[in-house]
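K.L.:
I'd like to ask you about the structure that follows.
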Amino acid sequence: MSEKKIIIAIDGHSSCGKSTMAKQLAQKLGYIYIDSGAMYRVVTLVALRNGWMENKVPDVAKVIEGLKDIKITFQWDESLGKNTTFLNGENVEEEIRRLEVSENVSPISTIADVRKEMVRQQRENGVNKGIVMDGRDIGTVVFPDAELKIFMTASPEIRAERRYKELKEKGLDVSFEEILANVEGRDRIDSTRAASPLKQADDALVLDNSHMTREEQLEWTINKVKEIIEG
Ligand code: DC
């Protein structure tokens, strides 16, 4: 592929495989991959560590004050074949994926000043282009001029089914109904919050992967990239 580098914004519902695809795409293109959700998770981790959250309610003033001491970086881990997230140089990749963080990240990500700072840092990563970023507001807010915007989705039932299988394989005792309720609940929160709700950018291409394999969706996306780069 030619040397022209572009910005690729991938937004969409939770549990529809955005980060898996974004990672594969970045690897294939030799681009930087930024998981914007990980950044909101890092802020949440800091809030939890410092006791700035009580019953999922953040002390907004303290969280905002704390932002100036948070430096988030990413490093590609060749041996694990995945991105690693660092908070002020400390590897927090495992910790930010824990359930406690997942359960507290939503209220943190609705704080407008938190979003402002995350968006500022996200844009810094894109100054040289050659970047794939996934999240909820990448094509609408962070990079409204991204050359390629993809809005990924799949039916709630299919996403719940995939998640159910994953958790069952890990030996967890879960029911399909509770997972479906969780998927639908997160869709509702993401789409209806006041600050940067999840919505499809007008110029985004919709990728409904309900009936696609990972290979098929990667190929679909690579073809779109080629169309843009080779114009
Ligand atoms: O993609 P994820 O599940 O790791 O995201 C964690 C949370 O952060 C999720 O509740 C949605 C929120 N988020 C956001 O508000 N904006 C983004 N660009 C990315 C994630």
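K.L.:
Report the extension gain between His211 and Ile228 in nm, rounded to one decimal, defined as 0.36 nm multiplied by the number of residues separating them, less their alpha carbon distance.
P.N.:
Working: separation 17, 0.36 × 17 = 6.12 nm, distance 2.52 nm.
Gain on stretching His211 to Ile228: 3.6 nm.
K.L.:
Compute the FRET efficiency between Val174 and Glu103 as 1/(1 + (r/R0)^6), taking r as their Cβ-Cβ distance and R0 = 22 Å, and round to the nearest 0.05. It would help to have the intermediate numbers written out before the result.
P.N.:
Numbers: r = 15 Å, r/R0 = 0.69.
Efficiency, from the Cβ-Cβ distance: 0.90.
K.L.:
Before anything else, pin down the relative contact order of the chain: Cα pairs under 8 Å, at least 6 apart, normalised by residue count, whole percent.
P.N.:
Values: 325 pairs, mean separation 76.4, N = 231.
Computed over the chain, the figure is 33 percent.
K.L.:
Can you list the aspartates and glutamates whose alpha carbon sits under 12 Å from that of Lys149, skipping same-chain ones fewer than 8 residues off?
P.N.:
Answer for Lys149, where 12 Å is the Cα cut-off: Asp11, Asp134, Asp137, Asp202, Asp203, listed by chain and number.
K.L.:
When a/c reaches 1.5 or more, the comparison of a/b and b/c decides; with that in mind, is region 145-229 rounded, prolate or oblate per its Cα gyration tensor?
P.N.:
oblate
K.L.:
Sorting Thr153, Thr221, Thr20 on the 10 Å Cβ count, fewest up front, what's the list? Present the calculation step by step, with values, prior to reporting the outcome.
P.N.:
Values: Thr153 19, Thr221 24, Thr20 13.
Going from sparsest to densest Cβ surroundings: Thr20, Thr153, Thr221.
K.L.:
Going by how many other beta carbons lie within 10 Å of each one, how would you line up Asp11, Asp113, Asp173, fewest first?
P.N.:
Details: Asp11 27, Asp113 14, Asp173 6.
Exposure proxy ranking, most exposed first: Asp173, Asp113, Asp11.
K.L.:
Using the basic label-point model (7 angstrom from Cα toward the beta carbon), what is the Thr20 to Leu218 distance in nanometres?
P.N.:
Here the answer is 1.1 nm between the modelled labels.
K.L.:
Additional query: If we count other beta carbons within 10 Å of each Cβ, what is the order of His13, His211, fewest first?
P.N.:
Working: His13 22, His211 9.
By the 10 Å Cβ count, ascending: His211, His13.
K.L.:
In nm, to one decimal, how far is the modelled label at Val57 from the one at Ile189, with both set 7 Å along Cα→Cβ?
P.N.:
1.6
K.L.:
Say R0 is 25 Å: what FRET efficiency, to the nearest 0.05, do Ala112 and Thr84 get from their beta-carbon distance? Working shown, then result.
P.N.:
Numbers: r = 29 Å, r/R0 = 1.15.
Efficiency, from the Cβ-Cβ distance: 0.30.
K.L.:
Next up: Can you work out the Karplus-derived ³J(HN,Hα) for every residue in region 11-18? Use 6.51 cos²θ - 1.76 cosθ + 1.60 with θ = phi - 60°, whole Hz, and x for glycine or proline.
P.N.:
In residue order, the calculated couplings are 10, x, 5, 6, 6, 10, x, 4 Hz.
K.L.:
Let me ask something additional. Within the set of other residues whose C-beta is less than 15 Å from the C-beta of Ile70, count the net charge using Lys and Arg as +1 and Asp and Glu as -1. Can you show the working numbers first?
P.N.:
On the way: positive: Arg41, Arg49, Lys62, Lys68, Lys71, Arg115, Lys116, Arg120; negative: Glu65, Asp69, Glu90, Glu95, Asp113, Glu117, Glu124.
Result for the neighbourhood of Ile70: +1.
K.L.:
Let me ask something else about it. Equivalent-ellipsoid semi-axes (√(5λ), Cα gyration tensor) for the chain, whole Å, largest first? Walk me through the numbers on the way to the answer.
P.N.:
Working: eigenvalues 142, 103, 59 Å².
They are 27, 23, 17 Å, listed from largest to smallest.
K.L.:
Show that you can apply the helix-only estimate: for the chain, add -39,500 (n - 2.57) for every DSSP H stretch of four or more residues, divide by all residues, and state [θ] at 222 nm to the nearest 500. Display every interim value, and only then the final one.
P.N.:
Values: 9 runs with 110 residues, N = 231.
Only helices count here, giving -15000 deg cm²/dmol.
Readers should treat all values here as calculations from the given coordinates under stated rules, not as data from a laboratory. Because the structure is a prediction, the values reported are computed rather than measured. Methodologically, a virtual Cβ is constructed for each residue, glycine included, from the backbone with ideal geometry; neighbour enumeration extends over all protein chains shown.
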